[in-house]
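A quick write-up on the structure given underneath.
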Ligand code: BG6
């Protein structure tokens, strides 16, 4: 297969000195440099308020990349990468600065006319910056392409996301807008499609006849770090579930797309989101659970409770843990519960999709010491381990007829294969113009539709929230979401946790 054509372009980062640029964008671009995937004429323009020129910006980025990438970073690569960097001093809220930006981009001969604008800024500023760019014609495609990359959250709820979308569409066509959900750049997430659709043995099992329930988990030991401003407004439901975890659900549940092109893939994902049974406000308590971390112990160290974190209101009821039970009302999934949960300051870092198959009939083993056959699980580990595991029952060696769970494990990456950061994949796709791993607005809209009733009820109930000790695996009360007693959270990849 021939490599796709990579065109020259100018990659402008709004919020060049912010945490997203520092932690994700610049390291990912530099790693793409290391593997020779950046076109020769790609320049990275940092747009920021600091009184810097190219030299200061280059020195700043070189330091941070040495720090982030460490010993794997060859000096020659770093030198090549920083040569691509340009700095433009500007203020996001000043109209005149966009005119100057436009002049700067046009006047520098080595800057390609193809433009990527990356909004590594607060979502509240997306609309305004988009409008300023359009005022000076930086949205126009004549003789070049222009792409606008926006990060989640896309809005605050269903209504605000529609307003944001209308604002962006006033100046940019849909094919210019790249809505990033970095989970779609993770290797194992893309592997879900390959696992399901490139292996004949999976598809026949992948439905309500064989699957008892599905669990999608992302829990992390991190607290809110210094993001109280953002997190107080967002909460775990918006931060993780509306975006990343519902995207994982679409990958698990969708029908095979006609092809892997962007539209076919996204059509199927939208169908799943549309088929999720709406949760009426009266059912929110039965189908959703929220909690907040209290003080606790993590890795042997005492850690603060959420209410004690800097910037958090003393009476905040913002959830740091959220769990849902959803149903997809279509032929494949009718009646199969999908349990989704996320939590901060939990006892471990774990992102998994765990699929439990139904119990096999016991009859055959009726007259043996086997009391109960255990169900099979299929587990897709996203992080920290990228793996695929299938759990089966096997006979225990010996004279008795006893069974135990064994597992077929496949590491998805061999030791010599480098781990990619999701942003490397996604930034390369933006440069290539491949939108399949980016969200179409209707995906965002239908995902908001799923969580909106829950947000409304939680927003009204501001006088109480359950808590869980930091360092635990979350509140046990969340178990009430399960349909049956034999369903429990799968907290580890290892065996033995299941009933
Ligand atoms: C971000 C959320 O989108 O995803 C964070 O805002 C969360 O709160 C993070 O910690 C998790 O992403 P990852 O790639 O570290 O699993």
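Here, each number is a calculation from the coordinates, and none is a lab measurement. What you see is a predicted model, and the numbers here were worked out from it, not measured in a lab. Note that we place each Cβ from the backbone using ideal geometry, even for glycine, and neighbour counts take in every protein chain shown.
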What is the helix-to-structure angle for 126-135, meaning the angle in degrees between its Cα long axis and the longest Cα principal axis of the chain, kept from 0 to 90 and rounded to the nearest 10? 30
Could you put 408, 324 in order, starting from the residue whose Cβ has the fewest other Cβ atoms within 10 Å? 408, 324
Taking every DSSP bridge whose two residues both lie in the chain, the antiparallel percent to the nearest 5 is 55
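Which whole-number percent is the relative contact order of region 32-170 (Cα, under 8 Å, 6+ apart)? If you can, show how the numbers build up before the last one.
Values: 132 pairs, mean separation 32.3, N = 139.
23 percent.
When a/c is below 1.5 the answer is rounded, else prolate if a/b is larger than b/c, else oblate, so apply that to region 418-477 with a ≥ b ≥ c taken from the square roots of the Cα gyration tensor eigenvalues. Don't skip to the answer; put the middle values down first.
Working: a/c = 4.50, a/b = 1.66, b/c = 2.72.
Oblate, since a/c reaches 1.5 and b/c is not below a/b.
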Here the FRET efficiency for residue 372 versus residue 348, based on Cβ atoms and R0 = 35 Å and rounded to 0.05, is 0.80
Note: probe point = Cα of residue 461 + 7 Å toward Cβ; backbone nitrogen < 11 Å; residues of region 270-297 passing the test are 282-291
A correct fewest-to-most ranking of 387, 9 by other Cβ atoms within 10 Å would be 387, 9
Taking the Cα centroid of region 208-260 and of region 358-412, what is the distance between the two, rounded to the nearest whole Å? 27
Taking 22 Å as R0, compute the FRET efficiency from the Cβ-Cβ separation of residue 41 and residue 76 and round it to 0.05. 0.70
Let me make sure I get this right: for region 170-238, a, b and c are the square roots of the gyration tensor eigenvalues over alpha carbons, sorted descending. Under 1.5 in a/c it's rounded, otherwise prolate if a/b > b/c, else oblate. Which is it? oblate
For the Cα atoms of the chain, what angle does the longest principal axis make with the long axis of helix 95-107, in degrees from 0 to 90, nearest 10? 80
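For a test of the definition: using alpha carbon positions, the gyration tensor, and the 1.5 limit on a/c, classify region 157-273 as rounded, prolate or oblate. The partial results should precede the final answer.
On the way: a/c = 2.23, a/b = 1.32, b/c = 1.69.
Here region 157-273 falls in the oblate category.
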Projected label distance in nm at residue 193 and residue 19, using a 7 Å step from Cα toward the beta-carbon: 3.1
For the Cα atoms of the chain, what angle does the longest principal axis make with the long axis of helix 441-460, in degrees from 0 to 90, nearest 10? 70
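Provide the gained length on full extension for the span residue 332 to residue 167, in nm with one decimal, where the gain is 0.36 nm per separating residue minus the Cα-Cα distance. All intermediate terms of the calculation are to be shown ahead of the outcome.
Values: separation 165, 0.36 × 165 = 59.40 nm, distance 3.71 nm.
So the extension gain works out to 55.7 nm.
Tell me the relative contact order for region 286-356 as a rounded percent, counting alpha carbon contacts under 8 Å between residues six or more apart. List each step's numbers first, then the result.
Details: 90 pairs, mean separation 19.5, N = 71.
Worked out over region 286-356, it gives 28 percent.
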Which part of region 364-398 falls in the paramagnetic zone of residue 202, meaning amide N under 12 Å from the point 7 Å along Cα-to-beta-carbon? 378-381, 387-390
